[in-house]
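Structure first, commentary second.
Readers should treat all values here as calculations from the given coordinates under stated rules, not as data from a laboratory. Here the structure is a predicted model, which is why all the values come from computation and not from measurement. Methodologically, a virtual Cβ is constructed for each residue, glycine included, from the backbone with ideal geometry; neighbour enumeration extends over all protein chains shown.
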Amino acid sequence: MFGYYLELAFRSLRRSLGLTVLMVLAIGFGVAASMSTYAVFRAMSGDPIPWKSSKLFFPQIDVWGPASRQGGQRGDGLPADMTYIDAMALMRQHRAAQQTAMYPILPTVYPDDPAEKSRAVPGHAVYAAFFAMLDVPFRYGSGWSSADDGHRARVAVIDSQLNQRLFGGANSVGKAIRLDGHSYRITGVLADWHPQPQFYDLANSNAFGPADQVFVPFATAVDQQLPTNGGMGCGQALPGPGFAGVLSSSCVWVAYMVELDDAAQVASYRSYLNGYAREQQQAGRFSWPPNTQLRDLSRWMDQMGVVPPESKVSLVVSFCLLLVCMVNAVGLLLAKFLRRSNEIGVRRALGASRAAIASQFAVEAGVVGLAGGVLGLLLTWLGVAWMHGVLPRQIAVLTRIDPSLLWQTLLLAIAATLLAGLYPILRATHVRPAMQLKID
Amino acid sequence: MDVLPILSTLHRHKLTAWLLILEIALTCAIVCNAVFLIGQQLQRMDLPSGIAEHELVQIQLGYVGNTPDAKAQTQTDLAALRQIPGVKQVALTRYLPFNLDGGSNTGIKLNPQQQQKTLDAAQYLGQNLLPTLGTRLVEGRNFRLSEYVDLDAAVAALNRGNLKGLPQVMIITRAIAERLWPGKNALGKTLYVGNGIPFRVIGVVAQLARHKRLQQGVEYSTVWPIRMTSADGASYVIRCAPKDRTAVLKAAVAKLKQLDPNRVVLKARAYDAVRRAFFANDRAMAGILVGVIAALLIVTALGIVGLASFWVSQRRRMIGVRRALGATRGDILRYFQTENFVLATIGIALGMVLAYAINLFLMLHYELPRLPAIYFPVGAIALWLIGQLAVLGPALRAAAVPPVVATRSV
């Protein structure tokens, strides 16, 4: 029966070609506009580590007190970073399954080849657990050990790009790299790894910035006085002179991430954080009640405004556009189906059931939806290409058409058309055969 | 043209008519809001910075470890940069207006005992800043050389609680002056920073936008007489004629590398690029919204064409009868045009209400301002025009129906 309905559908669509083309165009445009903006939105808000995002948490502590907050701040206004003092205390107490403090660095790499220019490369100072927590893929070697963290070893992990530049892509594990005038032993080379949004240090880094090329132990970086390449928030009291002054100040500049494997761990870490803040209050460091936050990755990304509100608004606007397209499709399908009341009357009189009529028209609507979807795909491709021109480069490279976007587009087009076809189909099945046969 | 027969005809096509009205209403509501959003983005992108944007280039250097004599090095650099042909002014500062790298801010109070700050302002530090940026003083004077304090000395003084070692004076923007002392002369007045450190206002500039965090007040900026070195993370800002920028930038980078080859150039760019990067998202969103509006208007026009063609084909007999009874082609054409106008008008009226509702929703969820009344006619005119254009084709086809149709049976 399906084949017969398909044939009927094609015949009817050919008969009123103008109306068919209009419908396909309208659905195509609507689907394309929504999917193109969705592609951007997906690129910016995508879960960069879906298998683990519910286990990564980002603690915050109110180190400046309520007086520092006054309108304008994002969310609850707690600093996104920690002070060095708090980050070190939390690291020492080691209450989560895994944890790492980190801060962005920008050391200068001096190549051995004097013909090569020395260059500043972005990176992070992290703890050994960082690589395991994020399942960072290695091409050669591995991360350093916690023992290396302990005795401030001068070790480093570099990314494949830097490895290509310095060592021609060969296995460089065990070789030395000169960062800011000191030599570090390479323990591992990353495979291609550039998560976007760069989620592990949203507090200090641009979520869509360049990839980190070098990682060194946190304690070593502090030892070597590598300055932070991120911001430093200082509330009321400015730091004392020199690097030591920064370390002992109430300035926030260290990001902190913990891994908590189940709800019980989350609850106990939450109360531990609060307890820590209360201790600090009792010790006289804070003159306000404990105020801490612990967010998982998706809430943290939300809190840090990874997806700008403009992008959400344009997503809303383009789904409104899809709604208009569906209203449009309802109107056109209604016009198309009701024009054929005669045909329906004859089929009904010859014994076709309502269900048969309904499936005939559903097939027809489905064909229109499929055609609209194919056109929509083409237009989405154009739309995404056009967006590559207007979007900032870092986001543009993330916005692309992949298989999942393809089938989502097709599915959306067919579902939207069928949904829009529901009422016209209902009307068609309620055509009374006797009335239609009488007139002529 | 009489509207009553049109209404009674539409009454017989109630459902399709209402669908068309609904479509027009939705389109109208979305277009109003989208145009408003585009206006918002454009307005943001057009914010004045108060500096000579097209005459500035910026060079930031990276240092390896602690340079022993950053101050002397900085003086040598500044002197050398001034010698480069085409260079008008040179300054050293950390952040420029509208930059993505960062910013430094300070809370300002009118009274040292105040619990909460009165406003949050951006801090501009660095020597020779105002003449280089081209920021216009409207009252008072620029800093004297004797009023400058070195950054490290100022920080050390602050930590010892020694107010004498801190700068005593400050230049503020007119926006801050108006906020703190509305209608009064700000010169000579005292404001308090942080935990109550006093500063005397000696100058007011017309405009100077802040680095970032624009929601705290775009024009809230302060200029402090603090000398920096390039080791403090400050960058050289050079002013020259717009056409000389590329040459000056190149010459300056070469000069700085020559003075100390151990430095790394982190950034070397014209200010225009800084501003462009800062507003890149806004520009992209405005572009996307323009695309969405275009798609929306096309879809609505297609819908109108489709339904109007359907009606025309359904009413061929009626048109033939009217033509046979003496109606001219013009009458038929105008009939369909008026019909579309009536539908569009009802749709637009509904659309206005809907536009307002959508705006309320956006205000609630995305911190957008209220939709000004000026945007309502924009949507209305767009839809009237689109409607008339879309209906023209089917209406012309209707007008071409010959009177003889009336005499034919089906």
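For this structure, a couple of remarks:
- Choice from B:149, B:35, B:264 showing the highest fluctuation, given a GNM over chain B with Cα pairs closer than 10 Å: B:264
- Computed about its Cα centre, the charge dipole of the protein assembly as shown is approximately 2640 debye, with only Lys, Arg, Asp and Glu carrying charge at their Cβ.
- Relative contact order (percent, whole number), chain B, Cα cutoff 8 Å, 6+ residue spacing: 29 percent
- Peptide B:273-282 has a mean shielding of 2, counted as Cβ atoms of other protein chains within 10 Å of each residue's Cβ.
- If the chain linking residue B:190 and residue B:246 were pulled fully straight, counting 0.36 nm for each residue of separation and taking away their Cα-Cα distance, it would gain 15.9 nm.
- Residues listed by number, the stretch A:34-61, amide nitrogen under 19 Å from residue A:298 label point at 7 Å toward C-beta: A:38-59
- Note on chain B: dipole from Cβ charges, positive end direction compared against B:222, B:374, B:360; the farthest Cα belongs to B:374.
- Note on the protein assembly as shown: dipole from Cβ charges, positive end direction compared against B:277, A:330, A:256; the farthest Cα belongs to A:330.
- Estimated D of the stretch A:63-259 in µm² per second, where Rh is the Kirkwood radius over Cα pairs and Stokes-Einstein applies at 20 °C, 1.002 mPa s: 122 µm²/s
- For residue B:334 and residue B:385, the FRET efficiency from 1/(1 + (r/R0)^6), where r spans their Cβ atoms and R0 equals 22 Å, is about 0.80.
- Building the convex hull from the alpha-carbon atoms of chain B and averaging its projection over directions returns 28.8 nm².
- The protein assembly as shown - Cys residues lacking any other Cys C-beta under 4.7 Å: A:320, A:325, B:28, B:32, B:240
- In summary, the aspartates and glutamates within cross-link reach of residue B:117, defined as a Cα separation below 17 angstrom excluding same-chain residues under 8 places away, comprise B:178, B:219.
- Helical segments meeting 15 Å axial Cα length and Kyte-Doolittle 1.0 threshold in chain A (DSSP H): A:17-45, A:309-338, A:354-390, A:403-429
- Most mobile listed residue (A:317, A:390, A:214) in chain A, GNM with C-alpha springs under 10 Å: A:390
- For the stretch A:63-259, the Cβ-based charge dipole about the Cα centre amounts to some 180 debye (Lys, Arg positive; Asp, Glu negative; other atoms uncharged).
- Dividing the alpha-carbon radius of gyration of chain A by the rule-of-thumb value 2.2 N^0.38 Å gives 1.36.
- For the segment A:28-40, counting C-beta atoms of other chains within 10 Å of every residue's C-beta and taking the mean gives 3.
- Qualifying aspartates and glutamates (Cα of each under 20 Å from Cα of residue A:312; at least 8 residues distant if same chain): A:47, A:302, B:282, B:367
- Given B:189/B:267; A:117/A:175; A:175/B:250, the pairs whose alpha carbons are separated by over 30 Å: B:189/B:267; A:175/B:250
- Length-normalised contact order for chain A - Cα pairs under 8 Å, 6+ apart - percent: 28 percent
- Compared with the dominant principal axis of the Cα atoms in chain B, helix B:151-160 is inclined by about 80°.
- Modelled this way, with points 7 Å down the Cα-to-C-beta line, the labels at residue B:46 and residue A:248 are 5.4 nm from one another.
- Percentage relative contact order, the stretch B:53-278, counting C-alpha pairs under 8 Å, at least six apart: 40 percent
- Inter-probe distance in nm under a simple model that places probes 7 Å from Cα toward Cβ, at residue A:268 and residue A:312: 3.5 nm
- Here the 3J(HN,Hα) profile of the stretch A:102-112, calculated from phi with Karplus coefficients 6.51, -1.76 and 1.60 at θ = phi - 60°, is 7, 8, x, 10, 9, x, 8, 9, 9, x, 5 Hz, Gly and Pro shown as x.
- Quarter of Cα convex hull surface for the protein assembly as shown, i.e. mean projection, nm²: 44.7 nm²
- Build a GNM of chain B with springs between Cα atoms under 10 Å apart, and of B:175, B:382, B:344 the one that fluctuates most is B:382.
- Dividing the helix sum by the residues of chain A, where each DSSP H run of 4 or more adds -39500 (n - 2.57), gives a mean residue ellipticity at 222 nm of -16500 deg cm²/dmol.
- For the stretch B:370-375, 3J(HN,Hα) computed residue by residue from phi via the Karplus equation (6.51, -1.76, 1.60; θ = phi - 60°) reads 5, 6, x, 4, 4, 7 Hz, glycine and proline entered as x.
- For residue A:105, the residues 5 or more places off, or on other chains, whose built amide H falls under 5 Å of its own are A:123, A:124, A:125, A:229.
- Other protein chain C-beta atoms within 10 Å of residue C-beta, averaged over B:27-33: 3.
- Inter-label distance for residue B:327 and residue B:200, nm, one decimal - labels placed 7 Å from Cα along Cα-to-Cβ: 8.7 nm
- Scalar couplings 3J(HN,Hα) for the stretch A:178-184, obtained by applying the Karplus form with A = 6.51, B = -1.76, C = 1.60 to θ = phi - 60°, are 9, 10, 6, x, 10, 9, 10 Hz; x denotes Gly and Pro.
- Centroid-to-centroid, using Cα positions, the stretch B:317-382 and the stretch B:2-23 are 13 Å apart.
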